[in-house]
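Please read the structure below before turning to the comments.
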Amino acid sequence: MIPSILYFSPQLASWKAQLNTKLQTHGHTVEWLPIQQIKQSPALSLVLIAENDISAEDILLIPSRKTIVIVDEWSLEVSAKWINRGADNCFAHHDEHLISWLLSEFSKFALTRTRKTDDDVLQVIIDAIPAPIFFKDQHHIYRGCNTAFCEFIGRPRDEVVGHSVYDIAPKHLADIYYEADCELLAKGGTQRYEAEVRFCNGSLHEMEFNKAAFTNAGGQAIGQVGVMLEVTERNELIRKLDKATRTDPLTGMSNRREFNLTIQEALNEQKSSEQKLSLMTLDIDFFKQINDRFGHGGGDRTLQLIASWLQSQLHETDHAFRVGGEEFYILMRGKSIKSALGMAESLCKHMATTPFMINHKSIYITFSAGVIELTPNLPLDDALEMVDKALYEAKSNGRNCVCHVFQ
Ligand SMILES: Nc1nc2c(ncn2[C@@H]2O[C@H](COP(=O)(O)OP(=O)(O)OP(=O)(O)O)[C@@H](O)[C@H]2O)c(=O)[nH]1
C-alpha cells in the first residue's frame, strides 16, 4: 500500500479538492490519481470510489484494495453491504470521520512497515516446500504464497499477495478459479480437482489442486489454503497404460476390450440417433497352414499384413478389432445389413485376389465371414452368438464367403 497516493473515481473529481485541503490542514500531502475502474489502481492501494461509479467488474476487486465507498446518504444497511463485499469502509461525502479514518490509515501503515511477526517464520516453512502453496481470505484475495507458487505463476510475491485472482489470471481462467473458491467456501471442508494450467514460460501442465477451507472460532469460513501438484507425467502414463490395455500388441489394432467399450458406446448412440449399425466377424481360412509353412514368426507377420490391409480398406465410420488369434470384428456405423453385406462380400473378393508377401513368397489368403445388423431390441450377447453361427455357416459352405443373419 502507498498511502500518500489516493485513487478516486469520476464522480469524486470536484469533491476531492475540499478533502485535499482538509488533509493538508492535518499535515498530509496526498497525490490524487483519477481512475475509471478499480482495476486501474494497484492492489493494496487506497481507493475512494463513489457508489454510483462501481461497476459489476469492480465488485470482485473491492477487497484487493483498501476501498472506501463514498455514498450520498450514509445508512448502516448501505455501509454493511459494502463492507460485506470487502470494502474497508463506507462514508458519506460530507462525513468528517473520513478525514480521521484516512489519518489513522496513514499512521497504521507507517507502523506495519517496521513490525516483524510470526508470519516470517511461517513464510520460511512454506518456502521450503517445493509444491506451490497459496492462501486466500474469504473475499478471494491472496494473503500469502510460497516461493514455488511465485515461480509457478512467474510473478514476485508482492504481485500476488493482496491481489484478487482477477489481477493475476486472464478473466476466463479467473472465472473458473473464482467459482471453485466460492463452492469451497460455501461447503467448507476440502476440495480436490484437476485443471490444465499454463506456466509462465507458456508450457501447458496438468495440475491437481488440493484445497481446504479454514474457519474462525465460530465455524464461519474465513479463507482457504491450496496446494498444487503437477500430475502431467502421471496422467500421461495412465493414458499410455489405458491405450495399451485397449490395443493388440501384435497388430496395433484395437482389441476385444476396446470392442466391448466401443460397442456399448455405439449402441447408446443408436438409441438416440436411430442410426443403422452392423457388425461383421471374419476368420482367416486355414491359418494353421500358414503357420506350418512359414513358422510362427511368419504367421505373426501375416497377421500384421492382414491387419494393415483390412484397415486400409475401411471407411471412416468403420472400426476394426482383432478379437482372437485370426479372428477380427468390423463394426460399421451407419450401415444397414444390405450395405454391410455388400461391403463384406467386396472385401472377401478383394482379399482373395490380393497377393501377400511372406518370407519373399507371394501367397493368397481368404477369409470367411458373418454379418448382422444390430438393433436396439436385440441383446448384444444374442447378436454375437448369431453372427458367430453365420461365420461357421460360411466355413461349412466351403470358406472364402460371407453369410448374414436373417432377422
Ligand atoms: N502365428 C500366429 N498364429 C496364431 C496366432 N493366434 C492363433 N494362431 C494360430 O491360428 C491357427 C488357427 O487354426 P484353426 O483354428 O485350426 O483354424 P484354421 O487353420 O484357420 O482353419 P479354419 O479356421 O477352419 O479355416 C492355429 O494354428 C493357431 O496357433 C498368433 O497370434 N500368431
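The values are calculated or read from the model by the stated rules, or taken from the named source; none is laboratory data. Quick caveat: nothing in here was measured; it's all calculated off a predicted structure. Note that we place each Cβ from the backbone using ideal geometry, even for glycine, and neighbour counts take in every protein chain shown.
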Exercise. Output the residue which, of all residues in segment 234-279 that are in contact (Cβ under 8 Å) with a residue 40 or more places away in the chain and within 16 Å of the ligand (Cβ to nearest atom), is nearest to residue 391 (Cα to Cα).
Key: 256
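Please find, within segment 286-335, the residue that is farthest from the ligand (Cβ to nearest atom) out of those that are in a loop (DSSP other than H, G, I, E, B) and either in contact (Cβ under 8 Å) with a residue 60 or more places away in the chain or within 14 Å of residue 258 (Cβ to Cβ) (or both).
323
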Practice problem: Give the residue that is nearest to the ligand (Cβ to nearest atom), with candidates limited to residues of segment 364-388 that are within 38 Å of the chain's Cα centre (by Cα) and of a type in the set (S, T, N, Q). | Solution: 375
Quiz item: Is it the case that residue 49 is in the same structural domain as residue 98 (by TED's automatic domain parsing), buried (at least 20 other Cβ atoms within 10 Å of the Cβ), in contact with a Ser or Thr (Cβ under 8 Å, 6 or more places away or on another chain) and within 18 Å of residue 72 (Cβ to Cβ)?
Solution: yes
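Where in segment 112-217 are there strands (runs of 3 or more DSSP E), lying fully within it, with 1 or more residues that are among the hydroxyl-bearing types (Ser, Thr, Tyr), surrounded by 16 or more Cβ atoms within 10 Å (Cβ to Cβ) and not assigned by TED's automatic domain parsing to the domain that holds residue 39?
Values: elements: 133-137, 142-145, 190-198, 204-215.
By residue number, 142-145.
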Quiz item: Could you list, in sequence order, the residues of segment 392-407 that are within 16 Å of the ligand (Cβ to nearest atom) and either on the phi > 0 side of the Ramachandran plot or surrounded by 21 or more Cβ atoms within 10 Å (Cβ to Cβ) (or both)?
Solution: 394, 398, 399, 400, 402, 403
Exercise. Could you identify the single residue in 356, 321, 406, 367 that is farther than 22 Å from residue 248 by Cβ and either modelled with pLDDT under 95 or not polar (S, T, N, Q) (or both)?
Key: 406
